[in-house]
Every structure is written in C-alpha cells, then in structure tokens.
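The values are calculated or read from the model by the stated rules, or taken from the named source; none is laboratory data. Note that the structure is predicted; figures quoted are calculated from it, not measured. All Cβ positions, even for glycine, are placed from backbone atoms using ideal geometry, and neighbour counts span all protein chains on display. Quick note on the areas: whole protein, heavy atoms, side chains included, nothing else; ligands and nucleic acids left out. Shrake-Rupley method; radii C 1.70, N 1.55, O 1.52, S 1.80 Å.
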Amino acid sequence: MVRLRIHVGQGTHRGPLTVFPVWTDAPPLTGLLTGTSAAVDVAERSGSPAVDQLVVTNRADRPALLLAGELLEGGWQNRTLTATTVLEPTVPTVLPVLCVEQGRWGGDAQHRRRARRAPVALRPHLERADAQHEVWRRVSGYGAVAGPSPTDSLLDRLDRSRGHGLVDGLAPLAGQSGVLIGIAGRPVSLELFGSRRALAAHWTALLDAAVLDALGRPQVRTTAALARGFAERVQATDLVPVRGAGAGRRFSGGGRVRVDDVRWRDRTAHLTAIDLTHPVLEAS
C-alpha cells in the first residue's frame, strides 16, 4: 500500500483544545458524496424497529461516504453508526448502529441526518462486544460537563457544549484535508479525508465533538512537536485489510495508536487515528 505523506501545520490553542491543520501529498479524491451533501435516507427497519439496526438508502447517483460515529437523529431514538462505509446508489442497506439516547424508544419511522459526530472517546467502543452499555455509560458521563438531558441524549449534550465558543472562527485552510486534535497537552486523534471539500463537509461536526471531549480538561497547549510525532507514528503504521466497508475497503493497524483507513478505488476516502491511552478515553 502506498503510504500517505502527512504534513502538520501550526496549531490553534483554545483552552484544553489545540487544533492542527493537516495536509497530504495525495491529489484530491473525487466522485464521493459525504456530509449533508450526501442524499441519504435513514429509516427504522420496517415492521420491527431494532435498536442496533437502521436502513439507509443513498438517493444520489454517486457513492456516499458515511463515517463511524455519525449521528442519526430522530426515529425511535437517536443512534450512531458503528463503522465507516461507502454506500452505492439506490440500494437499501441495513447498517449496524448503537443508541445514544437511552431514555426514549418510540417516535417517527424516519430520521434526520445532519452528519454530526460522536466524540472521539466513544468511537473506539463502537464495535466492542459490550459496546451498547459502554456507550450509554459514557454518554451519561458527559452530563457532568455539558448538563442534563431529559432522555440522556448525546445530541442534547452536543447542543449544550456549543455555547463554550472554543472553536468559534476556526475554518479549514487552503488545501487542508485533515485535522489533528490535541486535548490537555496530548494529541488524541487525527482524521484525514480524500479532499478539502470532504473535510469541510464534516468540519463543524468534528470540532463540536472535540469540544465535548475537552470540557473540564486541563487548559494545556499540545505542542507542535507532539503533534508531528503523532502524525509520524500514524504515517509509519502498517495497515492490513480487515474487511469490506460497503463499496469501499477497510484497512487497520497499530497498537497504542489505532489507525483505520477506508479506501475507495484504492485511494484513502477517510483515515482516522486515535490514541487509545489518552485520558479522554479512560474509563470514568
């Protein structure tokens, strides 16, 4: 597999958060829809809604990229996708999901999709055997910093965390296709997309999720040296194919820093790296 060359720029420090722009040497990947530009219908399973499954249909004439941790709002309860996938047009597909709203079961058959994201601290747990109870526990834990929710909904906590203004005014730079997030003095995650346009489609959702993870953490800057060291580690990680991702293919590798790369037509559509030892991921 051809390795991406990852370049990290100067970070912006806001309280516990430090946000670094990331570039690669790869030409832009075109032909995929993502974010809210992807016309994807989301519905409960007909006749028998299930907590862990939703039916998604790409109504566009091009494939659509959906990300692990994307939040699907409404229906019988708010859910999150457990894995990144590339959806072919027109074919209804049952995707695995987890509940992020423990106190509600009932409502409309259809979901709203604003392409919002679950915080990084939830994402490594999405495919674990005990994932649902662990996700509920962690969503409840965000109440200590973001405030209560009538239905213990992650969406409510994200809405409340936006008022802190930690990421106001931040925007992707020219050619930027990725972002590295540092919290409380340590890099926690890096996400790369196939193009600047794809990053821009998820920019607000990424930063809103990072704020929720950062609230209540020490207000320590993450240094450029640590950020670049993290990127170098990601770049050097050997990845092996693990399974399909709809019309794409997933590659994974690493130890302390877990790297997942979903590729489409042999090009990276979305790569994510998470430091599994960062304090935001510790059991609370």
State, as an integer percentage, the relative contact order of the chain based on alpha-carbon contacts under 8 Å between residues 6 or more apart. 21 percent
Where chymotrypsin sites (Phe, Trp or Tyr not before Pro) fall in DSSP loop in segment 169-276, at most 12 other Cβ within 10 Å: none
Roughly how many Å² is the accessible area per residue of segment 139-200, as a whole number, for a 1.4 Å probe? 38 Å²
Between the alpha carbon centres of segment 205-228 and segment 66-126 the gap in Å comes to 24 Å
Would you please give the residues with an amide H less than 5 Å from that of residue 185, counting only those at least 5 places away or on a separate chain, with H modeled from the backbone geometry? 220, 222
Less than 14 Å Cβ to Cβ from residue 62, Lys/Arg counted +1 and Asp/Glu -1: what total charge do the surrounding residues give? +1
What relative contact order, as a whole-number percentage, does segment 8-98 give when Cα pairs under 8 Å and 6 or more residues apart are counted? 24 percent
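On the accessible surface of the chain, probed at 1.4 Å, how many percent belong to carbon and sulfur atoms?
Answer for the chain is 51 percent, counting heavy atoms of protein chains only.
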Toward the positive end of the charge dipole of the chain, about the Cα centre and with charges on Cβ (Lys, Arg +1; Asp, Glu -1), which of 257, 23, 89 goes farthest? 23
Here the tail fraction of P(r) beyond 23 Å, over all Cα-Cα pairs of segment 177-284, rounds in percent to 30 percent
Over the chain, what is the percentage of antiparallel beta bridges among all DSSP beta bridges, to the nearest 5? 95 percent
Which residue, chosen from 234, 274, 47, occupies the Cα position most advanced towards the positive end of the dipole of the chain, where the dipole is computed from +1 (Lys, Arg) and -1 (Asp, Glu) charges on Cβ about the Cα centre? 234
Counting only protein heavy atoms and rolling a 1.4 Å probe, one gets per residue an accessible area for segment 1-67 in Å² of 46 Å²
Cα convex hull of segment 1-155: mean projected area in nm², to one decimal? 11.5 nm²
In square nanometres, what is the average projected area of the Cα convex hull of the chain? 13.5 nm²
If I model segment 138-194 as equal point scatterers sitting on the Cα atoms and use the Debye formula, what is log10 I(q)/I(0) at q = 0.15, 0.22 Å⁻¹? -0.64, -1.01
